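Undergrad: After the structure tokens below, expect a handful of questions from me.
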Amino acid sequence: MNLPAVLAIYRFEMARFWRTALQSIVAPVIATSLYFVVFGAAIGSRVQTVDGIAYGAFIVPGLIMLSLLTQSVSNAAFGIYFPRFAGTIYELLSAPISPFEVVLGYVGAAATKSIFIGLVILATAAMFVPLHIEHPVWMVAFLLLTALTFSLFGFVIGLWADGFEKLQLVPLLVVTPLTFLGGSFYSIEMLPPFWHGVSLLNPVVYLVSGFRWAFFGKGDVSVGISVGVTFLFLALCLGLVTWIFRTGYRLKS
């Protein structure tokens, strides 16, 4: 493995992250605080507990997952799209570095950024509500697996997009709505039977449920199914990335 090349890509992407620290770190903290003010105060005063969990604590995994998904997709998509936009992608393709090492550098940096932001949000949430994580190892595992999976998904979007409009299309119109409708701020068990069944078609439900189980030992679906769905989506993203590099789709034109 060409480790120096992987580290060069990783360090370049992380340097860009720290240059925009105000936008990358402070903004999610402010947004998290606003969610607690709005959801915790307005809804929490009416819905005291969900499945025996205080509502303020119940929404913490959903808040972290919301930021984790959107940040993973956006960071990875922009990271690979900008070299294509600037034309420097050809220098990368002609360098003595394999597609796997390119993906490792960009996706590794995007996943690191989103995990860092997720931990910052967790620390911010702990200032508002008391938190006790029942399965810390599983919490870290879900955090890593979700960040890696959606960073790969964002990498695919960055290769597919041929303009800044498309670059923001999927995160804004697909990922964020699916996260809000995926049980981030409520339990899908509270829904009528029809909408409960519809919600099970939303893949984000399984991510949020598994992550919430790691916190409280309770989830809307089995933790085994949550892990299985996540690995399935990870395999799909790996297959898409492999196909793109094999065919040169959006890379050589």
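A short reminder: the numbers here are calculations on the coordinates, not readings from a lab. As the structure is a computational prediction, the values presented were derived from the model and not from experiment. Here the Cβ is made from the backbone with ideal geometry for all residues, glycine too, and neighbour counts use every protein chain on show.
Undergrad: Compute, for the chain, the length of the dipole vector about the Cα centre, with Cβ point charges of +1 (Lys, Arg) and -1 (Asp, Glu) only. Units Debye, rounded to 20.
TA: 400
Undergrad: Would you mind putting 239-248, 133-142 in packing order, based on average other-beta-carbon counts within 10 Å, highest first?
TA: Output ranking for 239-248, 133-142: 133-142, 239-248.
Undergrad: Which order, highest average first, do 87-99, 6-18 follow once you tally other Cβ atoms within 10 Å for each residue and take the mean per peptide?
TA: Packing proxy ranking, top to bottom: 6-18, 87-99.
Undergrad: Any chance you could check the Cα centroid distance between segment 1-77 and segment 94-123 for me, in angstrom?
TA: A separation of 16 Å, based on Cα centres.
Undergrad: What are the ³J(HN,Hα) couplings of segment 5-17, residue after residue, when phi is run through the Karplus curve with 6.51, -1.76, 1.60 and θ = phi - 60°? Round to Hz, x for glycine and proline.
TA: Working through the residues one at a time gives 5, 4, 5, 5, 5, 4, 5, 4, 5, 5, 5, 5, 5 Hz.
Undergrad: Using the alpha-carbon centroid of each, what span in Å lies between segment 163-186 and segment 205-253?
TA: 15
Undergrad: Just going by the charge dipole of the chain, with Lys and Arg at +1 and Asp and Glu at -1 on Cβ, which of Ile9, Thr88, Phe216 is farthest out on the positive end?
TA: The listed residue farthest towards the positive side: Thr88.
Undergrad: Which residue, Val50, Gly163, Gly239, has the largest displacement toward the positive end of the dipole of segment 3-247 when charges sit on each Cβ (Lys, Arg +1; Asp, Glu -1)?
TA: Farthest towards the positive end: Gly163.
Undergrad: On to the next question. Would any residue of segment 81-101 have its amide N under 13 Å from a label point 7 Å out along Cα→Cβ of Asn2? List them or say none.
TA: The answer is 90-101, whose backbone nitrogens lie closer than 13 Å to the label point.
Undergrad: Mean separation of Cα pairs under 8 Å and 6+ residues apart, divided by the residue count of the chain: what relative contact order is that in percent?
TA: This gives 26 percent for the chain.
Undergrad: Quote the charge dipole size of segment 115-253 about the Cα centre in Debye, to the nearest 20; the model charges only the Cβ of Lys and Arg (+1) and of Asp and Glu (-1).
TA: 360
Undergrad: Here is a further query. What does the helix-only formula give at 222 nm for the chain: each DSSP H stretch with n ≥ 4 adding -39500 (n - 2.57), the total divided by the residues, and the result rounded to the nearest 500 deg cm²/dmol?
TA: Using -39500 (n - 2.57) per qualifying helix, the result is -22500 deg cm²/dmol.
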